[in-house]
1. Is it the case, given these coordinates, that Q73 is outside any strand (DSSP E or B), without any contact (Cβ under 8 Å) to a residue 60 or more places away in the chain and of a type in the set (S, T, N, Q)?
2. State all residues of segment 30-49 that are under 20 Å from E89 (Cα atoms) and at pLDDT below 95; if no residue qualifies, say none.
3. Determine which member of the set A17, A54 is modelled with pLDDT of 95 or more, more than 16 Å from N90 (Cβ to Cβ) and part of a strand (DSSP E or B).
4. Within segment 5-31, how many residues turn out to be exposed (fewer than 14 other Cβ atoms within 10 Å of the Cβ), closer than 14 Å to G107 by Cα and over 11 Å from the mean Cα position of the chain (by Cα)?
5. Can you pull out every residue in segment 40-74 that is of a type in the set (F, W, Y) and in contact with an Asp or Glu (Cβ under 6 Å, 6 or more places away or on another chain)?
6. So P51 ticks every box in (1) in contact with a helix residue (DSSP H, G or I) (Cβ under 6 Å, 6 or more places away or on another chain); (2) surrounded by fewer than 18 Cβ atoms within 10 Å (Cβ to Cβ) but one. Which box is left unticked?
Amino acid sequence: MASVVNLKIDQGATWSADITLVDETDTVLNLTGFSVRGQFRKHYGSSTGTPFTAVLVSPNTNGQITISLTGTQTNTIVPGRYVYDVEIENNSIITRVMEGQLTVSPGATRESGVATKDIYGVSITPA
């Protein structure tokens, strides 16, 4: 069963989260041979999602995953609440390891000439 963790992202900021996976006895999982992926979307029924950059941290025996988004990516996200999950896969067996709500808070600082989105999804490009 996946851990439920709610995440917060500041619009326009570089963001990452480190995840350490352990089993039911609190032993770190060996992720050798695994792949990882994750994405978020407005709601579970949304037809499109945005992927995180998801990587296994070396050495794979330490059970660590990092998910991240660049400042450019977070700048284009409409502020609000989303759902997300992170999955690992090995030998065609997929396991959801983390899920929850992701909240994007709006930013006030804007880089000149770089578009961002307001809470209504309207693109704003400061001079």
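1. Details: outside any strand (DSSP E or B): yes; without any contact (Cβ under 8 Å) to a residue 60 or more places away in the chain: yes; of a type in the set (S, T, N, Q): yes.
So Q73 passes the test.
2. Start the filter on segment 30-49 by keeping residues that are under 20 Å from E89 (Cα atoms), which leaves 30-40, 49.
Across segment 30-49, the qualifying residue is only G49.
3. On the way: A54 fails: more than 16 Å from N90 (Cβ to Cβ).
Of A17, A54, the one residue that is modelled with pLDDT of 95 or more, more than 16 Å from N90 (Cβ to Cβ) and part of a strand (DSSP E or B) is A17.
4. 1
5. So in segment 40-74, the residues of a type in the set (F, W, Y) come out as 40, 44, 52.
None - no residue of segment 40-74 is of a type in the set (F, W, Y) and in contact with an Asp or Glu (Cβ under 6 Å, 6 or more places away or on another chain), so the list stays empty.
6. Looking at each condition in turn, P51 falls short on (1).
The values are calculated or read from the model by the stated rules, or taken from the named source; none is laboratory data. Bear in mind the structure is a predicted one, so any value in this text is a computation, not a measurement. As a convention, Cβ positions derive from the backbone with ideal geometry for all residues, glycine included, and neighbour counts pool all protein chains shown.
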